[in-house]
Amino acid sequence: MKSKGDEGITVKKSENFSEWYTQVITKSGFVDYTDVSGCIVFRPDCYSIWENIQKIVDDKLKKLGIKNVYFPLLIPEGFLKKEAEHVEGFSPEVAWVTHTGNSKLNEKLAVRPTSETIMYPSYSKWIRSWKDLPLKLNQWNNVIRWEFKNPVPLLRTREFLWNEGHTVFATRKEAEKEMTDITSLWEKFSKDYLALPSLVGQKTDKEKFAGAEYSWSTEFILPNGKAIQGPDAHFDGQKFAKAFDITFLDKNENKQYPFQNTWAISSRMIGVMLAIHGDDKGLVLPPKIVTDKVVVVPIVFKKDKEKVLKFANDVKKKLNKYGVIFDDREDYSAGWKFNEWELKGIPLRVEVGPKDVAKKQVVLVRRDTGKKEIIKVGGLVKKIDNALEDIQNNLYENAKKFLNKSIENVNSFSEFKKAIKDKKIVKTFWCGELECEDMLKDGSGAKSLNIPFDQPKKKGKCVYCGKEGKHLIFFGKSY
């Protein structure tokens with residue numbers, strides 16, 4: 001039989017987060033590297049979580065009246081150049097197709113970094129009247145963004161999976177109402193399904209989406225002290241409408257430009273979830289987002305084998321609604337199996353041995369706390385329901401405590417620099433001037449994350465220049 005060897009995690013999360021993260025996502029069988037830097041394989045356990053994210057989010061979007069479409073991967077160079085601010089923001093990241101076989105193309109084709117410029121020429125044809133609005137479309141796809149040096153699987157990759165919401169409204173008020181709806185959806189989804197609290201607010205003009213009037217983001221803090229941006233929403237105003245000649249006749253037969261939003265959630269959130277909840281044994285997965293919530297492990301000896309397997313199989317049938325895994329592999333020891341399922345992060349383990357068969361019981365083990373409990377088979381389903389809910393809540397509360405501990409209020413630039421050096425997220429006042437934002441970044445390596453919507457009535461002094469603060473804001477080092 002195989003016993004525990006070097007398959008487990010060999011470093012502590014608190015001592016070497018980068019190496020721990022690499023080990024945990026590869027040894028658990030979640031992802032694999034390829035020969036193209038920044039492009040990874042989503043193995044079945046990982047991709048099933050992305051499928052669940054898609055299903056849950058897609059259902060919520062459809063309830064908001066949003067429909068799915070699909071637009072091409074390749075974008076003509078002329079389309080990409082139509083909105084100057086947008087193309088300037090993405091230009092370094094664009095991968096280009098220049099040849100087919102040995103023949104050079106007449107016009108370069110961009111591999112989509114985002115799809116505004118391939119979608120909006122169609123929008124300009126489809127929208128004629130106020131009766132055609134609102135137009136609320138979304139697509140699930142992959143994108144390529146090439147320009148960065150240190151890819152990190154799931155967190156920062158050149159190719160990633162996401163959705164793209166592209167919506168059009170007759171009035172600013174309607175568009176801004178959707179911004180609130182979508183941002184609320186992102187915050188609630190992250191909390192309820194991924195067990196992740198977030199910092200929600202508005203990006204500065206320097207950090208907003210290229211081409212947007214303003215951007216709202218959710219930000220998450222990783223165990224290495226770095227922030228990472230999660231799902232977001234962008235109010236694009238009439239910029240793209242004017243660039244792509246998207247117009248409509250209003251009820252008074254007057255020609256108008258509509259207002260547009262874009263928004264997205266990406267496969268990055270899988271990496272954020274793994275990084276925040278995982279421990280020194282491996283992954284710890286929130287029950288609400290995983291397909292397989294329970295693993296049943298029969299502990300067999302030669303003389304009791306048939307009896308234990310039959311009893312364990314009966315237990316498994318009772319638990320089928322949880323996406324139960326039945327691990328009856330004979331060439332692995334029970335201890336090896338326990339370690340493997342802990343590494344993979346399955347929320348609950350049900351152990352069944354000969355003594356359990358005799359007493360009509362099982363041993364239930366929680367992945368988040370390691371707590372073991374003997375449960376009579378008759379009460380097992382109710383106990384598992386309660387345990388899964390408690391695990392979900394516990395993971396969220398632990399993540400919330402970590403987030404709160406990671407934020408430090410500062411009043412001076414010296415305190416600012418020290419907090420960033422100590423791997424904290426800074427909460428401070430800022431005058432709103434780009435010059436101060438740049439100087440804060442230059443002096444500490446930290447950039448602005450977002451401006452919380454809930455602002456205090458009384459403002460302090462700008463942490464850099466000492467002038468009256470305009471915003472309470474988060475700064476931090478980030479991916």
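Of all residues in segment 127-178 being among the aliphatic types (A, V, I, L, M) and more than 24 Å from residue 251 (Cβ to Cβ), which is farthest from the chain's Cα centre (by Cα)?
Here is the first cut: in segment 127-178, the ones among the aliphatic types (A, V, I, L, M) are 127, 133, 135, 137, 143-144, 152, 154-155, 161, 168, 170, 175.
Next, from what is left, pick out any that are more than 24 Å from residue 251 (Cβ to Cβ): 143-144, 152, 154-155, 161.
Details: 143: 15, 144: 17, 152: 14, 154: 9, 155: 8, 161: 10 Å.
If we take residues in segment 127-178 being among the aliphatic types (A, V, I, L, M) and more than 24 Å from residue 251 (Cβ to Cβ), then 144 is farthest from the chain's Cα centre (by Cα).
Among the numbered conditions (1) over 13 Å from the mean Cα position of the chain (by Cα); (2) under 20 Å from residue 345 (Cβ atoms); (3) surrounded by fewer than 23 Cβ atoms within 10 Å (Cβ to Cβ), tell me where residue 238 comes up short.
So residue 238 meets the others, but not (2).
Would you pick out the residues in segment 107-126 that are acidic (Asp, Glu) and either buried (at least 18 other Cβ atoms within 10 Å of the Cβ) or under 22 Å from residue 212 (Cβ atoms) (or both)?
Residues of segment 107-126 acidic (Asp, Glu): 107, 116.
Within segment 107-126, 116 is the sole residue that qualifies.
Whether any residue in segment 244-267 is in contact with a strand residue (DSSP E or B) (Cβ under 7 Å, 6 or more places away or on another chain), at pLDDT 95 or above, under 29 Å from residue 189 (Cα atoms) and of a type in the set (Phe, Trp, Tyr) is what I want to check.
Yes, because at least one residue in segment 244-267 is in contact with a strand residue (DSSP E or B) (Cβ under 7 Å, 6 or more places away or on another chain), at pLDDT 95 or above, under 29 Å from residue 189 (Cα atoms) and of a type in the set (Phe, Trp, Tyr).
Can you pull out the residues in segment 430-479 that are of a type in the set (Lys, Arg), assigned to a loop (DSSP other than H, G, I, E, B) and either on the phi > 0 side of the Ramachandran plot or modelled with pLDDT of 95 or more (or both)? Let's see the steps before the verdict.
First, pick out the residues of segment 430-479 that are of a type in the set (Lys, Arg): 441, 447, 457-459, 461, 467, 470, 477.
After this cut, where a residue has to be assigned to a loop (DSSP other than H, G, I, E, B) as well, the list is 457-459, 467, 470, 477.
Once the filter is applied, which keeps residues that are of a type in the set (Lys, Arg), assigned to a loop (DSSP other than H, G, I, E, B) and either on the phi > 0 side of the Ramachandran plot or modelled with pLDDT of 95 or more (or both), segment 430-479 yields 467, 470, 477.
Starting from residues that are in contact with a strand residue (DSSP E or B) (Cβ under 9 Å, 6 or more places away or on another chain) and among the aliphatic types (A, V, I, L, M), keep the ones in segment 428-468 and report whichever is farthest from residue 224 (Cα to Cα).
463
Scan segment 227-243 for residues that are over 21 Å from residue 80 (Cβ atoms) and either in contact with a Phe, Trp or Tyr (Cβ under 6 Å, 6 or more places away or on another chain) or modelled with pLDDT under 95 (or both) and jot them down.
228, 230, 231, 233, 235
Could you say which residue among 360, 372, 382, 376 is touching a helix residue (DSSP H, G or I) at 6+ places or on another chain (Cβ under 6 Å), farther than 21 Å from residue 275 by Cα and modelled with pLDDT of 95 or more? Don't jump to the end; show me each part of the working.
Working: 372 fails: touching a helix residue (DSSP H, G or I) at 6+ places or on another chain (Cβ under 6 Å); 382 fails: touching a helix residue (DSSP H, G or I) at 6+ places or on another chain (Cβ under 6 Å); 376 fails: touching a helix residue (DSSP H, G or I) at 6+ places or on another chain (Cβ under 6 Å).
Only one candidate passes the filter, namely 360.
Scan segment 370-385 for residues that are farther than 18 Å from residue 354 by Cα, in contact with an Asp or Glu (Cβ under 9 Å, 6 or more places away or on another chain) and not basic (Lys, Arg) and jot them down.
370
How about segment 66-169: which strands (runs of 3 or more DSSP E) wholly inside it have at least 3 residues that are among the polar types (S, T, N, Q)? If you could, list the steps in order and put the result at the bottom.
On the way: elements: 74-76, 95-100, 103-111, 135-144, 159-169.
Because the criterion is at least 3 residues that are among the polar types (S, T, N, Q), the strands (runs of 3 or more DSSP E) in segment 66-169 that meet it are 135-144.
Report, ordered by the first and then the second residue, all pairs with beta carbons closer than 6 Å, sequence separation of six or more or different chains, a first member in segment 69-82 that is closer than 12 Å to residue 107 by Cα, and a second member that is part of a helix (DSSP H, G or I).
75/117; 75/118; 79/117; 80/87; 80/117
Has segment 182-194 got at least one residue that is crowded, with 23+ Cβ neighbours inside 10 Å, touching an Asp or Glu at 6+ places or on another chain (Cβ under 8 Å) and either among the hydrophobic types (A, V, I, L, M, F, W, C) or in a helix (DSSP H, G or I) (or both)? Please lay out each step first, then the result.
In the first step, residues of segment 182-194 are kept if they are crowded, with 23+ Cβ neighbours inside 10 Å; the result is 182, 186, 190, 194.
Okay, now just the ones that are also touching an Asp or Glu at 6+ places or on another chain (Cβ under 8 Å), so 186.
Subset that is either among the hydrophobic types (A, V, I, L, M, F, W, C) or in a helix (DSSP H, G or I) (or both): 186.
Scanning segment 182-194 turns up at least one residue that is crowded, with 23+ Cβ neighbours inside 10 Å, touching an Asp or Glu at 6+ places or on another chain (Cβ under 8 Å) and either among the hydrophobic types (A, V, I, L, M, F, W, C) or in a helix (DSSP H, G or I) (or both).
The values are calculated or read from the model by the stated rules, or taken from the named source; none is laboratory data. Predicted, not measured: the structure shown is a model, and the values here were computed from it. Glycine also receives a Cβ, built like all others from the backbone with ideal geometry; neighbour counts cover every protein chain displayed.
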